[in-house]
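Only one structure is covered here, and it is reproduced in the block below.
Derivation of every value follows stated rules applied to the coordinates shown; laboratory data play no part. What you see is a predicted model; the values in this text were computed from it and never measured. Positions of Cβ are backbone-derived with ideal geometry, glycine not excepted, and every protein chain shown enters the neighbour counts.
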Amino acid sequence: MKTTAARTLHLSGMDVFVYADSAAASLAAAEHIARTIEHVRLSRGTCVLGLATGSTPTQVYAHLVERYRGGALSFQGVSTYNLDEYYPIAANDTLSYHAYMYEHLFRHIDLLPARAHVLDGTIPEPFVAEHCAQFERFIEAEGGLDLQLLGIGRNGHIGFNEPIDLPVERARGLRTRMVELHPTTRADAAREFGSVERVIPRALTMGVGTILDARSIVMLATGAAKAEAVARALAGPPTMQTPASLLALAPQKTTWYLDEAAAREVV
Ligand code: GLP
């Protein structure tokens, strides 16, 4: 089954599907992921997924869980790598992305725990660089990411790749590393942490290069709060001032799933 978009656009070389609401956009993104798991596993016997957190993909995970429960989807042979994690944070902290993934996906499905990879927010600081490099080597050893699921920050970030002054060629080369959160990201995370002051100001994140090396990229953005960032990202040209605009460097493999609210400033 394939959910039909209300509108289809082609912007900066990328397919952009626009749906009436977030439920339909999330279902379409979930269908895309489920198709990839099925096709890739048929050809390679395995499938390597890059996963995202935040409020946006929760409906996607609910759909994937529903399919698993209905017997239409299995995660056997699948490996997952999450985009990012706060630093420092314990895996059992309810605000961690470890806890998020366990709650929304991992505990419900037949994914082998040893194949679910989330960057470790407890690694002592002197070993963080090596931990990040190892995360990259693990992905490479599995043959690379078949699909990376993404959300977008209000400032246009992807993962925790925040807007910075950096030439595109150098941004393209960014790999998994420790970063500082942008004030907009901290303001948005205050929802979960209770106040801006309590938001953990650093994080570990896959790099723009790690993301762009995936064989396919699914960007899901819903709600009016994302409209401006979405419009800037799709208008081009690629710039690290709007990190999501760098997806236009990999146009053939990138698909945007939007609801009308998030698409309303797209021209
Ligand atoms: C967070 C995450 C991103 C996510 C974004 C949007 O900071 N690091 O990966 O895409 O913010 O989050 P939300 O979906 O809650 O709007």
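Within the stretch 149-208, which residues are of a type in the set (Lys, Arg), more than 15 Å from the ligand (Cβ to nearest atom) and either assigned to a loop (DSSP other than H, G, I, E, B) or closer than 22 Å to residue 256 by Cα (or both)?
172, 175
Name the single residue that is farthest from residue 135 (Cα to Cα) among those in the stretch 30-61 being away from the ligand (no atom under 11 Å from the Cβ), outside any loop (DSSP other than H, G, I, E, B) and among the polar types (S, T, N, Q).
Only one residue fits best here, namely 43.
Condition check: over 16 Å from the mean Cα position of the chain (by Cα) and surrounded by fewer than 16 Cβ atoms within 10 Å (Cβ to Cβ). Does residue 39 satisfy that? Write out each step before concluding.
On the way: over 16 Å from the mean Cα position of the chain (by Cα): yes; surrounded by fewer than 16 Cβ atoms within 10 Å (Cβ to Cβ): yes.
Yes, satisfied.
Conditions first: (1) within 11 Å of the ligand (Cβ to nearest atom); (2) of a type outside the set (Asp, Glu); (3) closer than 30 Å to residue 46 by Cα; (4) part of a helix (DSSP H, G or I). Residue 128 passes all but one, so which condition is the exception?
Of everything listed in (1) within 11 Å of the ligand (Cβ to nearest atom); (2) of a type outside the set (Asp, Glu); (3) closer than 30 Å to residue 46 by Cα; (4) part of a helix (DSSP H, G or I), residue 128 misses just condition (1).
How many residues does the stretch 178-200 hold that are crowded, with 17+ Cβ neighbours inside 10 Å and not small (Gly, Ala, Ser)?
The qualifying residues number 9.
Here is a check on your reading of the model: is residue 81 over 20 Å from residue 48 (Cβ atoms) and within 16 Å of the ligand (Cβ to nearest atom)?
It is false that residue 81 is over 20 Å from residue 48 (Cβ atoms) and within 16 Å of the ligand (Cβ to nearest atom).
Among 258, 234, 220, which is surrounded by 23 or more Cβ atoms within 10 Å (Cβ to Cβ) and part of a helix (DSSP H, G or I)?
234
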